[in-house]
Every structure is written in structure tokens, then in C-alpha cells.
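*Asks:* After the C-alpha cells below, expect a handful of questions from me.
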There are 2 protein chains.
Amino acid sequence: MREIFKQIPLYRLIMYCNETNMEKSVLDCGAGGDCPPLSLFEEYGYLTKGIEFNFEQLEKANKYANKKGQNLNIENGDMRKLKFNNESFSFGYSYNSVFHMTKKEILKSINEMNRVLKKDGLLFVNFLTINDFRCGDGVDIGEKQYEQMDDDFPVIHSYFEECEAEKYFEDMEILYKENRVLERIFEGKKVRQGFVDYILKKVKWDIFLYISFLYIITLDY
Amino acid sequence: MREIFKQIPLYRLIMYCNETNMEKSVLDCGAGGDCPPLSLFEEYGYLTKGIEFNFEQLEKANKYANKKGQNLNIENGDMRKLKFNNESFSFGYSYNSVFHMTKKEILKSINEMNRVLKKDGLLFVNFLTINDFRCGDGVDIGEKQYEQMDDDFPVIHSYFEECEAEKYFEDMEILYKENRVLERIFEGKKVRQGFVDYILKKVKWDIFLYISFLYIITLDY
């Protein structure tokens with residue numbers, strides 16, 4: 001029996017990707033953990049590539065993939081500085097991941113993910129919102145960024161107003177946005193989490209292509 | 001290539017159902033249309049049963065199932081008065097469906113779905129919220145219920161405040177709740193929709209079982 005992947009919003013991303021005619025290549029930024037969603041993309045016929053900053057999470061993902069007999073191509077990497085060429089992938093995503101950085105680093109990462117995406121390619125990214133029950137906990141480092149303890153380690157959590165992250169989406173069109181507040185039972189307690197999810201389309205050419213285009217036009221005269 | 005079902009929140013329901021040890025039987029109330037999600041449950045090994053009030057939508061679902069070589073057991077029926085015995089199904093759902101009735105009828109339907117559910121069984125149901133872009137359109141029949149035109153036919157749409165529907169969940173525990181506002185492009189225009197989704201667990205015995213239990217206890221003395 002195939003499993004259901006707990007990263008439910010990524011089913012919608014696959015639906016959007018399947019509706020395009022683009023080559024099925026996908027990059028996951030923050031691809032580690034014991035249930036790597038790239039495995040789902042692989043099941044749907046995608047060429048997968050993943051990067052993961054944390055070695056322990058990387059190890060877990062590769063263990064999962066080996067057990068399943070899949071090669072998901074997940075390696076160590078940093079989404080603030082991707083080692084891929086411009087326009088390498090049709091699709092990209094970072095699920096429940098970018099908000100573990102400061103807002104400055106998030107901007108950098110989104111610019112990087114945008115850079116390696118092909119024109120018309122799709123990007124899923126989601127953010128914690130100020131509706132989340134942990135917003136305000138921990139050491140306040142300003143602008144709704146907090147250093148909180150996760151499993152005894154200090155981890156940054158950045159929280160966003162409903163539309164705040166949209167200033168990062170230069171040259172990208174919002175195809176789908178979902179602002180959601182969920183309540184579920186976690187370790188016996190009811191918790192309230194807030195997320196805003198986006199599916200974005202890269203709409204503009206990058207500046208080098210644009211200059212080349214102008215150059216060709218000029219040559220014509 | 002398997003398809004992704006557009007009723008994305010039902011992937012989460014399957015995940016919750018798979019985590020129980022209950023027999024895999026599921027009832028869909030409002031099971032018709034050209035992409036019946038019971039087909040997904042069938043793929044995951046569930047015994048399926050569906051009812052649909054509208055004959056045109058019923059026809060579409062059966063056409064889909066025939067083409068796919070599936071028998072989904074969808075037939076004409078009315079969720080306000082289900083023709084099934086008490087505690088017939090482990091799982092039930094009504095996706096994007098109950099809010100096409102008045103609030104009185106919705107209460108009736110939820111009571112019926114609860115009745116046919118086994119103890120500890122799970123029920124998914126979702127509601128339109130007052131955040132929806134169409135809330136307020138059409139003929140106002142009171143209590144945020146409106147008669148609106150869908151494909152040239154008048155159809156009731158009932159809209160709910162965030163917690164309003166919870167008064168219907170007698171003897172049911174909320175395992176998961178998601179209040180979501182989504183923006184997407186529909187027929188070339190950006191639309192804003194509001195939903196609140198629930199996964200509920202039937203926790204109490206029904207009154208007849210309770211009386212039988214008391215009767216047996218009494219006999220013991």
C-alpha cells in the first residue's frame with residue numbers, strides 16, 4: 001500500500017506541475033527528514049534533486065530513500081547560495097523550511113530558488129504566520145523573528161503577516177495562495193498553527209536574457 | 001501515470017484513516033461529479049459507497065468509474081435521510097457539499113452521517129466561511145444563507161463564522177480543523193474562497209447501544 005505523504009499541500013503543487021508541459025525536474029530546498037516528499041515526486045515520474053543543510057536530516061532522508069529503493073539525489077547544500085546554474089529546474093519548492101531562517105536570509109533563498117528556476121517554472125514556498133501559537137515565544141530578535149528551542153537546540157523562527165512575504169516575489173506571479181490556521185492534537189495537546197502557502201510562476205526573463213534579446217533586436221537594424 | 005485528485009484535503013483524511021485499525025469502509029455524501037474522490041479511496045484499498053442527490057452529477061461519476069474500471073458503488077440518495085443502518089461505516093465524508101443546503105438541513109445531514117458511523121469512526125466535513133468572495137451575493141434568506149445562481153440554476157449557499165458549525169458536532173471530537181482562505185485564478189479572474197475543514201471522531205455510543213448496555217448491566221443483578 002502506497003503511503004500518504006504528510007506534506008499535503010505538495011499534492012496540489014504536483015497537480016499544478018502536471019498541468020504544465022514542462023520537463024519534469026524538481027528541486028527541494030530543505031529536502032531532508034524521515035519522510036522526504038521528493039519520494040512522492042519520484043513516484044509521479046519527476047527527476048528529483050534535493051539539498052539539505054542539516055546532516056542529521058540528510059542522513060534520515062537518504063536512509064528512507066535507500067529502504068524504498070529510490071535515488072532522490074539529496075545532498076548537503078545551502079539554499080542561500082545554490083550551486084546550480086540559472087534556469088536548471090522546471091519546478092522547485094521549500095516546504096515548512098524557509099521560516100527557520102531570518103527574513104534577510106529568506107529573501108536571499110527565494111531569490112536563489114527563483115534564479116535556478118526555468119521561465120514559466122513553478123515554485124512552492126510557505127511561511128509561518130503571526131496566527132501561530134508559538135509566535136512571540138523565545139528570544140525576540142526583532143521584526144517577528146524569534147530564537148526558539150526545538151529539541152533542545154536554538155532555532156530561528158520568522159513569522160509573517162498575511163501579505164508580508166509577497167514583497168519577495170519579484171518577477172513571480174501568484175497562481176495560488178492559501179492562508180490557513182489549523183488546530184490539531186500534537187503530543188496530547190491541541191496546538192494552533194498558522195501558515196501561508198504560495199504557488200508562484202516565474203514570469204519574467206532574467207536580466208542577461210533580456211540584454212541578449214535587446215542585443216539581437218539591435219543587430220537586426 | 002496516476003492522477004492527483006483536486007480534493008486535496010481528502011489526502012489528509014486518508015492519512016488519518018490509515019492510522020486507525022478500523023475496517024476500511026468509507027461513505028461519500030455528495031459523491032458525484034467528473035472527478036469522484038471515492039476513486040482515490042478505492043486506490044488506497046477502501047470499500048467505497050457513495051450517495052449523490054443530483055442525477056447529472058451521479059451520471060458523471062459513474063461514467064468516470066466505468067472508464068477507469070472501478071466499481072465505486074455510487075447511487076442516488078439524500079444525506080438528510082440516509083438509507084443505511086446505524087454504525088455501517090468506519091469513515092465518512094462530505095467534501096464541498098453540505099453548504100449547498102440550508103443550515104437546518106446541514107444539521108440533519110451531519111446527524112445522519114454521525115448515525116451511520118461506527119464508534120471511533122472518522123468524519124470529514126467542510127463549510128464555506130464568511131471570508132468567501134460570494135458571501136452576501138444573491139437572495140438573502142437569513143442567517144448568512146443565500147440563494148445564488150450556479151450555471152443558471154438557483155442553489156443555496158450557507159456561510160459560516162469560524163466556529164459556528166461546531167455546535168453540530170455533538171458526540172464528536174475535533175481531531176483536526178483548518179480554517180483557510182485561498183486565492184486562485186478561476187476562469188481568468190482571481191477569486192478568494194473561504195473554507196473551514198474538520199476531521200471528527202465519533203466518541204460516544206448512540207442512545208440505543210447505551211440503553212442496551214444499561215439493560216445488560218441491570219440483568220446482571
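The values are calculated or read from the model by the stated rules, or taken from the named source; none is laboratory data. Note that the coordinates shown come from a computational prediction; the quantities given were computed from them, not determined experimentally. Cβ: placed from backbone, ideal geometry, glycine included. Neighbour counts: every protein chain shown. Just so you know, the surface numbers come from the protein's heavy atoms only, side chains and all, with ligands and any DNA or RNA stripped out. Shrake-Rupley method; radii C 1.70, N 1.55, O 1.52, S 1.80 Å.
*Asks:* By per-residue mean of other Cβ atoms within 10 Å, what is the highest-first order of A:127-137, A:152-162, B:140-150?
*Replies:* A:127-137, A:152-162, B:140-150
*Asks:* A further question follows. Which of the peptides A:95-104, B:56-65 is most tightly packed, and how do the rest follow, going by the mean number of other Cβ atoms within 10 Å of each residue?
*Replies:* Packing proxy ranking, top to bottom: A:95-104, B:56-65.
*Asks:* For residue B:215 paired with residue A:162, estimate the spin-label separation in nm (one decimal), with each label point 7 Å from Cα along the Cα-to-Cβ line.
*Replies:* In this crude spin-label approximation the distance works out to 5.4 nm.
*Asks:* While we're here: Roll a 1.4 angstrom probe over the protein heavy atoms and tell me the percent of accessible area of the range A:105-192 that is carbon or sulfur.
*Replies:* Within the range A:105-192, the accessible surface is 48 percent carbon and sulfur.
*Asks:* Okay, moving on. If you count, for every residue in B:19-31, the Cβ atoms of partner chains within 10 Å of its Cβ, what is the mean?
*Replies:* What the average comes to for B:19-31 is 0.
*Asks:* Between copies, how close do the residue B:35 label points come, placed 7 Å along Cα→Cβ, listed in nm from shortest?
*Replies:* Between copies, matching label points for residue B:35 lie 2.3 nm apart.
*Asks:* I would also like to ask the following. Working from the pairwise distances between different alpha carbons, so that the mean of 1/r is found and then inverted, what is the range A:77-213's Kirkwood radius in Å?
*Replies:* After inverting the pairwise mean of 1/r, the radius is 16.0 Å.
*Asks:* Label position 7 Å from Cα toward Cβ: report the copy-to-copy distances for residue A:67 in nm, one decimal, ordered from shortest.
*Replies:* List, nearest first: 3.8 nm.
*Asks:* With Cβ to Cβ distances under 15 Å as the rule, what net charge do the other residues near residue A:83 carry (K, R +1; D, E -1)?
*Replies:* -1
*Asks:* To continue, here is another question. May I ask you to report, in nm to one decimal and beginning with the shortest, the distances from residue B:102 to the same position in the other copies, taking label points 7 Å along Cα-to-Cβ?
*Replies:* In nanometres, ordered from closest: 6.0.
*Asks:* Next question, about the same structure. For the protein assembly as shown, what does the alpha-carbon gyration tensor say about shape, rounded, prolate or oblate, given a ≥ b ≥ c as the root eigenvalues, a/c under 1.5 as rounded, and a/b over b/c as prolate?
*Replies:* prolate
*Asks:* Can you name the chain A residue with its Cβ nearest the rotation axis from A to B, and give the distance in Å as a whole number?
*Replies:* A:180, 2
*Asks:* Would you please put B:195-201, A:186-192 in order of how densely packed they are, using the mean number of other Cβ atoms within 10 angstrom per residue and starting with the highest?
*Replies:* Highest mean packing first, the order is B:195-201, A:186-192.
*Asks:* Determine the alpha carbon to alpha carbon distance for each of A:167/A:201; B:49/B:104; A:6/B:177 and list only those over 19 Å.
*Replies:* Distance filter (> 19 Å) returns B:49/B:104.
*Asks:* Enter the mean number of other protein chain beta carbons within 10 Å of the beta carbon of each residue in B:170-181, as an integer.
*Replies:* Average neighbour count from other chains, rounded to a whole number: 4.
*Asks:* Something else about it: Cut-off 10 angstrom, C-alpha nodes, Gaussian network model of chain A. Which of A:177, A:67, A:49 fluctuates the most?
*Replies:* Fluctuation is largest for A:67.
*Asks:* Quick check for you: with a 1.4 Å probe and neighbouring chains kept, what is the accessible area per residue of the range B:1-121, in Å²?
*Replies:* Computed with neighbouring chains in place, this is 45 Å² per residue.
*Asks:* On average, how many beta carbons from a partner chain sit within 10 Å of the beta carbon of a residue in B:6-17?
*Replies:* Mean shielding by partner chains, rounded to a whole number: 4.
*Asks:* Before we go on, tell me the buried accessible area for the B/A pair, both chains summed, 1.4 Å probe, in Å² to the nearest 100.
*Replies:* Approximately 2800 Å² gets buried when B meets A.
*Asks:* Dipole size in debye (nearest 20) for chain B around its Cα centre, Lys and Arg Cβ +1, Asp and Glu Cβ -1?
*Replies:* 400
*Asks:* At a Cα cut-off below 19 Å, give the aspartates and glutamates reachable from residue A:24, other chains included and same-chain residues fewer than 8 away excluded.
*Replies:* Straight-distance partners of residue A:24: A:42, A:43, A:87, A:120, B:3.
*Asks:* What shape does the range A:1-122 take by its C-alpha gyration tensor, where a ≥ b ≥ c are the square roots of the eigenvalues and a/c under 1.5 counts as rounded, a/b above b/c as prolate, and the rest as oblate?
*Replies:* Oblate shape, in that a/c is at least 1.5 and b/c is the bigger or equal ratio.
*Asks:* Still on this structure: What is the percent carbon and sulfur in the accessible area of the range B:15-56, measuring with a 1.4 Å probe over the protein chains and ignoring ligands?
*Replies:* About 51 percent, which is the carbon plus sulfur part of the accessible surface.
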